[in-house]
Amino acid sequence: MNKVQDLEKLRHSTSHIMAEAVQELFPGTKLAIGPAIEDGFYYDFAKSEPFTPEDLVKIEKRMSEIVKKNYPFIRKEVSKEEAKKIFAPKEEKYKLELLEEIPEAKVTLYEQGPFLDLCKGPHLNSTGEIKYFKLLSIAGAYWRGDEKREMLQRIYGTVFFQEAELKTYLEKLEEAKKRDHRKLGKELGLYEIFEEVGAGLVFWQPKGAIIRKIIEDYWREKHLESGYQLVYIPHIAKLDLWVTSGHWDFYRDYIYSPVDIEGQKYILKPMNCPGHILMYKSQLHSYRELPIRWAELGTVYRYEKSGVLHGLMRVRGFTQDDAHIFCRPDQLEEEINQVLKFVLEILKTFGFAEYEIRLSTRPEKYAGTLENWAKAEDALRLALEDLKLSYTVDPGEGVFYGPKVDIKIKDCLGRSWQCSTVQVDFNLPERFKVTYRNQGGKEETVVMVHRALMGSLERFFGVLIEHYGGNFPLWLSPTQVAVLTITEKQNTYAEEINSSLKKQGLRSEIDLRNEKINLKIREAELKKIPYLLIIGEKEVNAQTVSVRKHGGENLGNLGLEDFVQKIIKEVKEKK
């Protein structure tokens, strides 16, 4: 058995120990489910009173006592009826509901000492094998993830085989808390979400907006260099468009309800692709024109349940760095190849050199023919192999209209974030009759490639905040330089410095307050400004600036021109 499977057994076993401890400490608590997850485990409970942080301490202590008893994990196979007789007297209604849905006549139970649970397993040999665990947090969770069902209480925990592994993980958690984009977003004045206006809707503050502009300018520049044309489409369209595209049938749960405009139904667009298709179809195209690459920073709106909204990472209105490539079948593999290179170039520029790549294949509910699905999957696979990119296959995880390649970037803490995606689509061109004229003058159906390099700007910005901990590289920093005076006597010179920096295109701010220089430096450090220029009497007399980097490194006194050339070079290199 490999390490991943061993960890899953360890974590699943620990969730059972936690469930036993909870029921011993809080009689009457009902059990729902308790699976292993990527970084640990959880268990959902139905309890009349909310759990508290103090309760977690008590539960951990009782778990340690259960571990010391070294109960063996005993697997039992019983009939569904026998299982019902076990859980019915205990009024374990969630277990009884699960039993009703199991098609097999027999089910498995796992026993540890006095505790018995419905479970497929597998588990460790005994509770004594579990040593290094920690309960982490309490959250609400709807039963079966259905907001129409009752709210349960979920306790999260983690466990490892080695103490050092647990210590490292907990240290990473603490670092992640410091880097939380929701915390830093507020502290640095980057963005706001006003719940009274609408959950999941982002308001970009000036400092966040300037970073967004920098990202967008770079994005446009690179796309124009790479043979793309920029387009813009409206935010709403008639419902009929989404019926034709298939989104209304396959994606309806995420589409906002139609609004009536002069007797016709319109919706907020959940996708940009149908709009780009309409523009393509507005004129005839020859095989010589293809591929046509159209890109848009297109804002879309999707209904996400309030329980899954999370800062910038999961929102209801967001801007995709979207593009659609209309090409001939013989051009498909090369276009995918170029897109994948483009993705990796963009990610590297923003500081992401590690990633996971997944090829997602045909789902259970799909549109189009099996033949076209096979062609699309082969084209993605061949492009990945041509570029010698390591990938795993996610069977059945493609979107309804075609297979896709997803690239999950890894941040400085090793966490994975889904951002980039490349999708091949034979379906929409057929639905909309999107064609080109071949060499013989006959109409042939194009192949579409949907792709986003950063995903959504909102999520990508959230990842950037956490990856850099708010200490953005110079080229992305909303304020690149702060000019700080020691006394009011230096104000005139400081204003000349600040004005000169702005004329050079640098983002500079000035602090002329009659405050101690240490206070000014401390406040600029909290703003995470990359360079501080300290101006005192000595600097005025020498016509220099004293340069201090964020974090405290002193670069000494430099002439203004030397300093400007240094940071302009740093900005251009996008280090």
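What follows draws every value from the coordinates through simple rules; no lab data is involved. Keep in mind the model is a prediction, meaning the values are calculated, not measured. Positions of Cβ are generated from backbone atoms using ideal geometry, with glycine treated the same way; all protein chains shown enter the neighbour counts.
Show the residues, 5+ positions off or on another chain, whose built amide H is closer than 5 Å to the amide H of Tyr71.
Distant-sequence amide H within range of Tyr71: Thr127, Gly128.
What percent of all Cα-Cα pairs in the range 88-212 falls into each 10 Å bin, going from 0 up to the bin containing the maximum distance?
9, 21, 28, 22, 14, 6, 0
Apply the Karplus curve 6.51 cos²θ - 1.76 cosθ + 1.60, θ = phi - 60°, to the phi angles in the range 469-477 and return the couplings in whole Hz, x for Gly and Pro.
Going residue by residue, I get x, x, 8, 5, x, 3, 5, 9, 5 Hz, with x marking Gly and Pro.
Filter Lys269/Lys408; Lys281/Lys433; Lys305/Lys410 down to the pairs with a C-alpha to C-alpha distance above 18 Å, please.
The answer is Lys269/Lys408; Lys305/Lys410.
When the expected Rg is taken as 2.2 N^0.38 Å, what fraction or multiple of it is the alpha-carbon Rg of the range 309-462?
1.08
What are the extents of the Cα atoms of the range 186-468 along their three principal axes, in Å, largest first?
Rounded to whole Å, the extents work out to 62, 54, 37 Å.
Length gain on complete extension for the stretch Lys569 to His285, per 0.36 nm per residue less the alpha carbon to alpha carbon distance?
Full-extension gain reported as 97.9 nm.
Run the numbers on the chain and let me know its relative contact order in percent, using alpha-carbon pairs under 8 Å that are six or more apart.
10
Starting from 0 in steps of 5 Å, tell me what percent of the Cα-Cα pairs of the range 3-171 lands in each bin.
Bins of 5 Å from zero give 1, 9, 18, 22, 21, 16, 9, 3, 1, 0 percent of pairs.
If I model a spin label at Thr244 and Ser306 as a point 7 Å from the Cα along the Cα→Cβ vector, what separation in nanometres do I get?
Inter-label distance under the simple model: 3.7 nm.
So if I restrict to the alpha-carbon atoms in the range 147-190, what is the Rg, and what is Dmax, the biggest pairwise distance, in Å?
15.9, 42
How much FRET efficiency would the formula 1/(1 + (r/R0)^6) give for Tyr218 and Glu54, where r is the Cβ-Cβ distance and R0 is 56 Å, rounded to 0.05?
Between Tyr218 and Glu54 the formula returns 0.70.
Restricting the count to DSSP beta bridges whose residues both fall in the range 481-573, what percent are antiparallel, rounded to a multiple of 5?
50
Give the Rg/Rh ratio for the range 449-575, taking Rg as the radius of gyration of the Cα atoms and Rh as the Kirkwood radius, to two decimals.
Ratio of gyration radius to Kirkwood radius for the range 449-575: 1.05.
In whole Hz, with x marking every Gly and Pro, tabulate ³J(HN,Hα) for the range 446-460 from phi via Karplus 6.51 cos²θ - 1.76 cosθ + 1.60, θ = phi - 60°.
With the stated coefficients, the range 446-460 comes to 6, 9, 9, 10, 9, 8, 9, 7, 9, x, 9, 4, 5, 5, 4 Hz.
Working from the pairwise distances between different alpha carbons, so that the mean of 1/r is found and then inverted, what is the range 69-134's Kirkwood radius in Å?
With all distinct Cα pairs of the range 69-134 included, I get 12.8 Å.
For the chain, what is the largest minus smallest coordinate of the Cα atoms on each principal axis, given in angstrom and ordered from greatest to least?
88, 76, 53
Checking the table Lys58/Lys93; Lys90/Lys365; Lys178/Lys404; Lys348/Lys528; Lys58/Lys172; Lys120/Lys183 against a 30 Å threshold on Cα-Cα, which pairs fail?
Among Lys58/Lys93; Lys90/Lys365; Lys178/Lys404; Lys348/Lys528; Lys58/Lys172; Lys120/Lys183, the Cα-Cα distance tops 30 Å for Lys90/Lys365; Lys178/Lys404; Lys120/Lys183.
Quickly rank 516-529, 424-437 as a protection proxy: mean count of other C-beta atoms within 10 Å, highest first.
Per-residue mean Cβ counts within 10 Å order the peptides as 424-437, 516-529.
Using 7 Å Cα-to-Cβ label points, what is the Lys489/Lys68 separation (nm, one decimal)?
Label-label distance for Lys489 and Lys68, simple model: 7.1 nm.
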